[in-house]
Amino acid sequence: MNKIIKYVLYDIVRSKIVVAYTLFLLLLSIGLFNLGGSPDKGLLSLLNLVLLTVPLISIVFATTHFYNSYEFMELLVSQPIRRSRIFLSEYWGVALSLSAAFLLGVGVPVLLFAPGATGLYLVLTGLFVTFIFVALAFLASVITRDKAKGIGIALLLWFYFALIYDGIVLLILYSFGDYPLEYATLALTALNPVDLGRVMVLLNLDVSAMMGYTGALYKSIFGSAWGVGIAFLVLLLWVLVPLLTSRRAFTRRDL
Amino acid sequence: MIAIENLSKTYGKLAVLDNLSVRFEGGRVVSIIGPNGAGKTTMSKCILGIVLPDSGDIKFKGESVLKKHAYRSEIGYMPQIGKYPENMKIRQVIEMVRDIRKDATRIDEELIGLYGLQNMYDKRMGSLSGGTKQKVSAALAFMFDPQVLILDEPTAGLDPISAEILKCKILKEKKKGKLILITSHIMSEIEEVADEVMCLMDGTVKFHDTISEIKQNANEERLSRAIAKIMNEED
């Protein structure tokens, strides 16, 4: 598989978008840490921006890359290689290069300005979000051959997870405020990887005290190693389900 | 060498291949003809696993090729329109395919030499003309000394000299016992290189005979006339 990843990486590095992405993240991180005063404040602002921009850039970049690689994939499918191998090589190539950009752009500044458990959670969350949204992008790309439609679906997915979902959750909480909703909120959080990552990082900051009963419940669950393990397992599922679904679709369609 | 059994493929409502059954043996050059949209390219792509059939089976040396990939090391494919990653150089494309087909025992670089591709190794694929891309496709198809060659309108974009080189190469490879499938519309060319002609129409085999049989049946000297006669008669 490494052979093909090599060529995918070569293609991505040449496009220079990943370099620009790295610089953007680096500028963002260093700027926020220098503005905020305390490292915790810096982490909080960084968390909010990372959870908004990383999914967006990951999903848009991965979708356009997939459509631009059609020729490459067409060349490879007539060669003696498994289709799933071509697909997974593309996935690893995109996910690894975006992750490397994230590690350089956010990981290094966090290590310098705010080392500690919270920073580690932030970086891990960012990496998971990258892998998840590249997988979602590939899912959007195998659904349709039309590039414009594919990017449309990808943007809709981002809108849904980054903006609309929170609105829906707020609406549910507001409408059913008279009922005990602690466990329901927990389940709702697990259904959105962005929120799950946010909650995990927030609970490691002092601000969790302001989140009321639900915050206390979260704290009791995500505070334990067991709870954190489950949370990462759910994030892993968020990578695997779209990835395996799209791989299956890719091996069963015409090219 | 290749047996296609009851192959069907539909795009939406359009049935491109309709219960197609045909066999091809080694040491022959088979020309696949038929009107545009008759399913010629779809059939080749099914053999290569690029297009997946709805039903039916394709057997290569007696074994089904569906959901397999290793058999493709025995096939060289030259697409009708070669699509390559735009920002890769000729050298990189050739090296990559070689890297993938490392197990090939014999490397045949004759066409690279005859087409003078070494002199253009550092050109980007995106900057090449259609004809040069065709030459790269041809060189890649013949490079690994495959048992089967599938050439989809191989001479369509080539200049006369390059087309002649390719025809000589085809005849040379045939003598080694290879099966060569060519889709083409140019009758004079078919007459030059092919042993058999298979005619596809609306996704089924209209006829599949040797060239001399076709001429005899139609009682014509020239292949193009003979084929036109057969097609008109049966309409």
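Using a 1.4 Å probe and counting only protein heavy atoms, arrange B:Ile180, B:Ile81 so the residue with the most accessible area comes first. Display every interim value, and only then the final one.
Values: B:Ile180 0, B:Ile81 125 Å².
Order by accessible area, largest first: B:Ile81, B:Ile180.
With heavy atoms of protein chains only and a 1.4 Å probe, what residues of region A:44-85 have at least 20 Å² less accessible area in the full set of chains than alone?
Correct list: A:Glu71, A:Phe72, A:Glu74, A:Leu75, A:Leu76, A:Val77, A:Ser78, A:Gln79, A:Pro80, A:Ile81, A:Arg82, A:Arg83.
Helix A:147-159 against the longest principal axis of chain A: what's the angle in degrees, Cα atoms only, rounded to the nearest 10?
Between the helix axis and the principal axis of chain A, the angle is about 10 degrees.
Determine the order of A:Leu170, A:Leu46, A:Leu244, A:Leu157 by accessible area, beginning with the largest, at a probe radius of 1.4 Å. Could the numbers behind the result be given before it?
Values: A:Leu170 115, A:Leu46 0, A:Leu244 90, A:Leu157 45 Å².
Ranked from most to least accessible, the order is A:Leu170, A:Leu244, A:Leu157, A:Leu46.
List, by residue number, every residue in region B:23-67 with a reduction of 20 Å² or greater in accessible area between the chain on its own and the complete protein assembly, 1.4 Å probe.
B:Ile50, B:Leu52
Between region B:120-185 and region A:149-188, what's the alpha-carbon centroid distance in Å?
56
Taking only the alpha-carbon atoms of region A:2-252, what semi-axes of the equivalent ellipsoid follow from 5 times the gyration tensor eigenvalues under a square root, in whole Å, largest first? The partial results should precede the final answer.
Details: eigenvalues 219, 99, 46 Å².
After scaling each eigenvalue by five and taking roots: 33, 22, 15 Å.
Per residue, how many Å² of accessible area does chain A show with a 1.4 Å probe?
Ligands and nucleic acids excluded, the result is 46 Å² per residue.
Over chain A, how many pairs of lysines fall under 30 Å by alpha carbon, counting only those 8 or more apart in sequence or from different chains? Write out the running numbers ahead of the final one.
Working: A:Lys3/A:Lys16; A:Lys3/A:Lys147; A:Lys6/A:Lys16; A:Lys6/A:Lys147; A:Lys6/A:Lys149; A:Lys16/A:Lys147; A:Lys16/A:Lys149; A:Lys41/A:Lys219.
Lysine pairs meeting both conditions in chain A amount to 8.
Give me D for region A:38-116 in µm² s⁻¹, whole number, from Stokes-Einstein with Rh from the Kirkwood sum over alpha-carbon pairs, 4 °C and 1.567 mPa s.
Answer from the Stokes-Einstein relation: 88 µm²/s.
Using only protein heavy atoms and a 1.4 Å probe, how much accessible area in total is buried between A and B, to the nearest 100 Å²?
2400
With axes computed from alpha carbons, what is the tilt in degrees of helix B:90-100 against the longest principal axis of chain B, rounded to the nearest 10 within 0 to 90?
70
Which is farthest toward the positive dipole end of region B:2-234 among B:Val93, B:Thr10, B:Phe60, measuring Cα position about the Cα centre, with Cβ charges +1 (Lys, Arg) and -1 (Asp, Glu)?
The listed residue farthest towards the positive side: B:Val93.
Accessible area of chain B with a 1.4 Å probe: how many percent of it is carbon plus sulfur? Walk me through the numbers on the way to the answer.
Values: 4940 of 10550 Å².
Carbon and sulfur: 47 percent of the exposed surface of chain B.
Heavy atoms only, probe 1.4 Å: what % of the accessible area of region A:97-205 goes to carbon and sulfur, would you let me know? Mind dumping the intermediate values first?
On the way: 3720 of 4890 Å².
Its accessible area is 76 percent carbon and sulfur atoms.
Per residue, how much accessible area does region B:2-234 have with a 1.4 Å probe, in Å²? Spell out each step's value before the answer.
Details: 10370 Å² over 233 residues.
On a per-residue basis, 45 Å².
Please report, to two decimal places, log10 I(q)/I(0) for the protein assembly as shown at q = 0.06, 0.13 Å⁻¹ as given by the Debye formula with identical point scatterers on the Cα atoms and no solvent.
Result of the Debye calculation: -0.39, -1.15.
Give me Rg/Rg_expected for region B:1-127, where Rg uses Cα atoms only and Rg_expected = 2.2 N^0.38 Å with N residues.
Numbers: Rg = 17.1 Å, N = 127, 2.2 N^0.38 = 13.9 Å.
Compactness ratio reported: 1.24.
Rounded to two decimals, what is Rg over Rh for region B:2-234 when you use alpha-carbon atoms and the Kirkwood radius?
Working: Rg = 17.8 Å, Rh = 18.5 Å.
Value, to two decimals: 0.97.
If the only charges are +1 at each Lys and Arg Cβ and -1 at each Asp and Glu Cβ, what is the size of the charge dipole of region A:1-106 around the Cα centre, to the nearest 20 debye?
For this selection, approximately 240 debye.
Taking only DSSP H segments of four or more residues, each worth -39500 (n - 2.57), what value at 222 nm results for the protein assembly as shown once the sum is divided by all its residues, to the nearest 500 deg cm²/dmol?
On the way: 21 runs with 288 residues, N = 490.
Helix contribution divided over all residues of the protein assembly as shown: -19000 deg cm²/dmol.
Taking the Cα centre of the protein assembly as shown as origin, sum charge times position over the Cβ atoms of Lys and Arg (+1) and Asp and Glu (-1), and report the length of that vector in debye to the nearest 20. List each step's numbers first, then the result.
Numbers: 51 positive and 46 negative charges, 182 e Å.
Using only the charged Cβ atoms, the result is roughly 880 debye.
Kindly identify residues of region A:217-255 having a loss of at least 30 Å² in accessible area between the isolated chain and the assembly of all protein chains, probe radius 1.4 Å.
Buried on complex formation: A:Asp254, A:Leu255.
Using 30 Å as the Cα-Cα cut-off, could you pick out the over-long pairs in B:Lys172/B:Lys229; B:Lys40/B:Lys67; B:Lys135/B:Lys174; B:Lys67/B:Lys229?
Values: B:Lys172/B:Lys229 32 Å; B:Lys40/B:Lys67 21 Å; B:Lys135/B:Lys174 19 Å; B:Lys67/B:Lys229 41 Å.
The answer is B:Lys172/B:Lys229; B:Lys67/B:Lys229.
Excluding ligands and nucleic acids, what accessible area in Å² is computed for A:Arg248 using a 1.4 Å probe, to the nearest 10?
140
Net charge within 10 Å of B:Leu7 by Cβ-Cβ distance, Lys/Arg positive one each and Asp/Glu negative one each, not counting B:Leu7 itself? Walk me through the numbers on the way to the answer.
Working: positive: B:Lys9; negative: B:Glu5, B:Asp18, B:Asp54, B:Asp57.
Neighbourhood net charge equals -3.
The values are calculated or read from the model by the stated rules, or taken from the named source; none is laboratory data. Everything quoted here is computed from the prediction, not taken from an experiment. For neighbour counting, all protein chains shown are included, and Cβ atoms are generated from backbone atoms with ideal geometry for every residue, glycine included. Side chains included, ligands, DNA and RNA excluded: accessible areas come from the protein's heavy atoms. Shrake-Rupley method; radii C 1.70, N 1.55, O 1.52, S 1.80 Å.
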